[in-house]
1. Pairs of alpha-carbon atoms within less than 8 angstrom and 6+ residues apart define the contacts here; what relative contact order does the chain have, in percent?
2. In the chain, with Lys and Arg counted as +1 and Asp and Glu as -1 at Cβ, which of these residues, PRO27, ALA105, ILE84, has the Cα nearest the positive end of the dipole, that is, farthest along it?
3. What FRET efficiency would be calculated for the residue pair ASP239, THR154, taking the C-beta separation as r and a Förster radius of 30 Å, to the nearest 0.05?
4. Name the residues of the range 388-404 whose amide N is less than 12 Å from a point 7 angstrom out from the Cα of HIS101 along the C-beta direction?
5. Could you check the spin-label model distance between THR337 and HIS415? Points 7 Å from the Cα along Cα→Cβ, value in nm.
6. Straight distance only, please: which aspartates and glutamates reach the Cα of LYS34 with their own Cα at less than 14 Å, same-chain residues fewer than 8 apart left out?
7. For Cα extents along the principal axes in Å, the choices are [x] 67, 60, 47; [y] 120, 40, 37; [z] 73, 58, 56; which was calculated from the structure?
8. Mind giving me the nanometre distance, one decimal, between the label points for GLU188 and LYS34, set 7 Å out from Cα along Cα→Cβ?
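The values are calculated or read from the model by the stated rules, or taken from the named source; none is laboratory data. Predicted, not measured: the structure shown is a model, and the values here were computed from it. Here the Cβ positions follow ideal geometry from the backbone for every residue, glycine too, while neighbour counts run over all protein chains shown. Keep in mind that these areas ignore ligands, DNA and RNA; they rest on the heavy atoms of the full protein, side chains included. Shrake-Rupley method; radii C 1.70, N 1.55, O 1.52, S 1.80 Å.
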Amino acid sequence: MGGKSLSVLRLGVLLLAAASGDAEPPPSCEGVRKVFQLRQLGPLRGIPESPRAGADLQVCTSKKPTCCTKKMEDRYQTAAKQDIQQVLQASSATLKFLISHNAAAFQETFETLIRLAENYTSTLFCNAYRNMAAEATTRVQELFTDIGLFIFGTDVSTEEFVNKFFDTLFPVVYNHVINPGLTDISLEYAECLRMARRDIRPFGNVPKKAVGQMGRSLLPSRTFLQALNLGIEVINTTDHLHFSKDCGRALLRMQYCPHCQGLTLSRPCMGYCLNVIRGCLASVAEVDLHWRGYIQALEELSSAMSGTHAIEHILLNFHSLVDDALLQARVNGPEVTEQVKKVCGPPVRKPTQSPGCSFGQNKDNQGLKMFSRDSEETLAHRRKEFISHLRLYRAFYGGLADQLCGNELAAADGHPCWNGEDVVGSYTHRVVGSGIKAQSANPEVRVKGTDPVISQIIDKLKHVIQV
C-alpha cells in the first residue's frame, strides 16, 4: 500500500516538474488501462495515455490530473454496482442452497409419504374387501391427490376433501358390505346415498376424527413448505437489490475513483466501507428483526410437526382409520339400511358387476417400504438438522454490511487505505450503525427511506410468522 502512496506522490512531483518546464515525460496511465482491460470494463480506445485534467468528471473529481474520462466513469459506475451484487450473491449462496435444497428434499419426502399412504389404503381394500377394491381405490386416489394439492399450496379445504372421500365411499360400501346384491346399485341411487351420508353417519365418528387429524397434521407441513419457499424469495430479493442513485455514486467513489489516480490496488478503509455499504443496504438491514422471527417461527413449527399429530404418523395410519370406518358400517348395517330406505327408498339395481382388485400392489413397494421403515424418525431428524443449520444464519441480515466489508472489500486494519479522496493512514469520519434510522448521520450516502420491494418482503415474513 505504501508503494501506492508513493506513486501518487511521484505523479504530483512529475507534473510539477513538467509544469516548470522540466523535460521529463509525464507519467503514463498504463496500469489503469491494464486493469480496465483485465476487468473487461469496455474498449481501451477512450482511455487517456497519460493523466489529464478531469473537468468533465462528476463523481471521481480531483484537483490532481486524472486517468479517467466521463465515459470511463460511467463504465466504472456499472461495474461498481455489479461487483457489489456479486459479493452479495456470494455471501448468501450457502444460505440459499441450504433452504432450496431442503425445500426440494421435504417436498420429495412428502410426495413419497403420500404415495405410500395411498398404497397402504388401497392395499387394505385389495386384501380385505376385494369385491369393491376397484371402485374404492379410485376414491382413495382422489383423496390422496387432494392431500397432495393441499400440502403443495392449492386452496382446497381439508374438511371438504375428507368428507368428500367418505361421501363417495358410502355408496360403494353400501353396495358391497351393508346391502350386497347380485348386481350393483344404479347411479341415481348411489348419488342419493352420497348426498345422505353426513346425516345417516354409517361410519360413526370416524370421518369427524379423520377431518380433525388431517387438519392438524397437514396444515403445519403445508405452512413449512410455504415458509421455505418464502425464505428463498427473501434471499432472491436481497440478492438482486435495486441500488439508489446516491448509493451507486458512493460505490463508484469507494471502488473505482482511486483507479483514476492510478491507485488500482488500493482498498477502502474499514470505517469508510461500512458507511457506504450500511447506507446501500439500509433497507436490507430492516429485514433482520423479521428474519430472526422467521427462523424462530420455523423452529416452533418444526417442533409442532412431531409426535401423534405428525403428518407421517397420520398419513401412514390412515388405512387403519378407514378399516375402523368399514367395521362400523358392517356393525351398523341393519340400522343404516333402515335409514337409507327412509331417505332413498329400496335399492335400485342395475345389471353390472364390479371388477375385482386391479391395484398393482408391487408398484413402487420396494422404495416405499424402505421409506416407511424409519420415515417418522427420518423426517423429524431431517427437520431438526435443517433448523440447527438455519439457526446459524439468524444474524445474517443484521451483520451483512460488516461481513461484506470484513471479508471482501475493505483494507485490513493498520494498512494505508482509500477514504474516498486519498490514500490515508485511517478513516476519520464517524461510522454509523445499520438500518434506516442510523443513516441520517451517514457522511457518505444519503438514504431516503425503505425500499418498497424490501417492505413487501418484510410484510410477507410478518404474515408467515403469524401463520
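1. Values: 600 pairs, mean separation 117.2, N = 467.
It rounds to 25 percent for the chain.
2. So the residue furthest toward the plus end is PRO27.
3. Values: r = 28 Å, r/R0 = 0.95.
Efficiency, from the Cβ-Cβ distance: 0.60.
4. Label zone hits: 389-390.
5. 9.2 nm
6. By straight Cα distance, LYS34 reaches GLU49.
7. Entry [y].
8. 9.5 nm
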